[in-house]
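Colleague: One structure follows; several queries about it will come next.
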Amino acid sequence: MEQKKYYVASSGNDDQAYLKAILFAGELAVNDKDIKRIVLFCHTKETTVWFERLFGEKKVKKLFSGIDFNGIPVPVQIETKKTYDKQKYHSPSDIVICCAIDSKDLFTIDDYSITKYMIVNPWQKDGTDKWIRA
């Protein structure tokens, strides 16, 4: 099964682009019963602070364990390079929203068999050029 990939034409901490990506992931999950969760994939725990503008500090802390959002049928959870475990699940069941990561990390996620959908929300477009060309 090949992953389906989507690209958000944005850059920097674009709050609206992140909200759109989460809502779009929710629509994908509504239409695909194999999806078990939506992952907000960030480079490190420290790079998740921009989500506090969207959700507040308390909710961001809860996102590391996974929380439910109104209208989204699966939990939304923050994962980092360190915590995203491709061995945890054995079938393609994740929608991964790639938050401000570069081509190197995008290629890594491409190799994860648990990722059914990727939604790439870049920090800088030129940081994802190699992945886009591939």
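The values are calculated or read from the model by the stated rules, or taken from the named source; none is laboratory data. As the structure is a prediction and not an experimental result, all values here were calculated from the model. Cβ placement follows ideal geometry from the backbone for every residue including glycine, while neighbour counts extend to all protein chains displayed. All accessible areas refer to the heavy atoms of the entire protein, side chains included, with ligands and DNA or RNA removed. Shrake-Rupley method; radii C 1.70, N 1.55, O 1.52, S 1.80 Å.
Colleague: What's the total number of residues in the stretch 15-47 that are open to solvent by 50 Å² or more (accessible area, probe 1.4 Å) and not polar (S, T, N, Q)?
Modeller: Number satisfying all stated conditions: 12.
Colleague: In addition: I need the full set of residues from the stretch 55-80 which are within 18 Å of L23 (Cβ to Cβ), not hydrophobic (A, V, I, L, M, F, W, C) and not in a loop (DSSP other than H, G, I, E, B), in order please.
Modeller: K59, Q77, listed by residue number.
Colleague: Tally time: how many residues in the stretch 36-54 are assigned to a loop (DSSP other than H, G, I, E, B) and closer than 16 Å to A21 by Cβ?
Modeller: Our first condition is that a residue be assigned to a loop (DSSP other than H, G, I, E, B); within the stretch 36-54, this holds for 36, 43-44, 49-50.
When the remaining residues are screened for being closer than 16 Å to A21 by Cβ, the result is 50.
Going through the stretch 36-54 one residue at a time, the tally reaches 1.
Colleague: Next up: Can you tell me which residues in the stretch 48-71 are open to solvent by 20 Å² or more (accessible area, probe 1.4 Å), of a type in the set (A, V, I, L, M) and touching a helix residue (DSSP H, G or I) at 6+ places or on another chain (Cβ under 6 Å)? First the steps, then the outcome.
Modeller: Residues of the stretch 48-71 that are open to solvent by 20 Å² or more (accessible area, probe 1.4 Å), as a first pass: 49-50, 52-59, 61-62, 64-71.
Pick out the ones that are also of a type in the set (A, V, I, L, M) and you get 49, 54, 67.
The answer is L54, and nothing else.
Colleague: Continuing with the same structure: Tally up the residues in the stretch 92-109 that are closer than 22 Å to N31 by Cα and at pLDDT below 80, please. Before the answer, list the steps.
Modeller: First, the residues of the stretch 92-109 that are closer than 22 Å to N31 by Cα: 92-98.
Pick out the ones that are also at pLDDT below 80 and you get none.
Of the residues in the stretch 92-109, 0 are closer than 22 Å to N31 by Cα and at pLDDT below 80.
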